[in-house]
Amino acid sequence: MHQYSVDYDRKLIYFLLVSISISITSLINYVFTVSHIVISVTSFTIFGLIFLLFDKFFWKWRVLHKLGIVKTPNLIGMWEGVLSSSYHEFKEEMPACIVIKQTWTHIFVSGNFNQSKSYSISANLETNNGARTILRYVYMNQNNLAKSDGTMSSHSGITTLEFSLEEGVTEGKYYNEQPQNVNYGVLHLKKHR
């Protein structure tokens, strides 16, 4: 599970979803009562359905972002570029690609690099009133034996990326967990799609 913290918009959105759920439930129950059909719909059921739709789809609507209702930035997509590593004393740039999958409440990052692939095991998204967006995630990295020179073992680590969403770019740092792999490096990525 990948939870992230953009808490300031959560209370407003939950309030709106509960209000909409209660209104829809009242309307449905009224219509069926007038029609003399016995059916009972609970606000909890309606809230669950609306929340699922909001979490997966509605939070991405630009109008909700422009109105300031949703402040969770949409990072979904493929980000491609380069990384340089302390292993090569920052003298070489290697291809790097991360794919971000996201809902309103969850985020998952997978990476494809020169000699390995990685996937996030936890993630945290921070914003500063839209001024900057920072994604931190802990990852597991698996060595690609066919492409590796044998010096890298599978390991975990942490990545911190700062996004400039208007420009569609991000840059940041990664650190591999000791003792297997003590290298660190920098990433420069641009949104591809």
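The values are calculated or read from the model by the stated rules, or taken from the named source; none is laboratory data. Just so it is clear, the model here is predicted, and its values are computed rather than measured. Don't worry about glycine lacking a Cβ; one is built from the backbone with ideal geometry, like all the others, and counts go over all protein chains shown. Surface accessibility is based on the protein's heavy atoms, side chains included, excluding ligands, DNA and RNA. Shrake-Rupley method; radii C 1.70, N 1.55, O 1.52, S 1.80 Å.
Remarks
- In the stretch 152-193, residue modelled with the lowest pLDDT [restricted to those that are of a type in the set (A, V, I, L, M, F, W, C) and in a loop (DSSP other than H, G, I, E, B)]: M152
- The stretch 115-149, residues that are among the hydrophobic types (A, V, I, L, M, F, W, C) and either at pLDDT 80 or above or under 20 Å from Y184 (Cβ atoms) (or both): I121, A123, L125, I134, L135, V138, M140
- Residue count for the stretch 1-22, restricted to those that are open to solvent by 70 Å² or more (accessible area, probe 1.4 Å), at pLDDT below 80 and part of a helix (DSSP H, G or I): 2
- Any hit, the stretch 67-79, residues being over 28 Å from G157 (Cα atoms) and without any contact (Cβ under 8 Å) to a residue 60 or more places away in the chain: yes
- Pick from the stretch 94-114, criterion among the aliphatic types (A, V, I, L, M) and open to solvent by less than 40 Å² (accessible area, probe 1.4 Å), ranking: farthest from V186 (Cα to Cα): I107
- Residue match in the stretch 115-125 (condition: part of a loop (DSSP other than H, G, I, E, B) and surrounded by fewer than 16 Cβ atoms within 10 Å (Cβ to Cβ)): no
- Within the set T42, T33, T25, the sole residue that is without any contact (Cβ under 8 Å) to a residue 40 or more places away in the chain, surrounded by fewer than 16 Cβ atoms within 10 Å (Cβ to Cβ) and in contact with a helix residue (DSSP H, G or I) (Cβ under 8 Å, 6 or more places away or on another chain) turns out to be T42.
- Complete set of residues in the stretch 56-68 that are surrounded by fewer than 16 Cβ atoms within 10 Å (Cβ to Cβ) and under 23 Å from S164 (Cβ atoms): W61, R62, V63, K66, L67, G68
- Taken together, the residues in the stretch 89-100 that are in contact with a strand residue (DSSP E or B) (Cβ under 8 Å, 6 or more places away or on another chain) and more than 16 Å from E162 (Cβ to Cβ) amount to 8.
- Counted residues, the stretch 62-111 - those being in a loop (DSSP other than H, G, I, E, B) and under 20 Å from the mean Cα position of the chain (by Cα): 13
- Any hit, the stretch 69-83, residues being of a type in the set (A, V, I, L, M), farther than 20 Å from H192 by Cβ and open to solvent by less than 80 Å² (accessible area, probe 1.4 Å): yes
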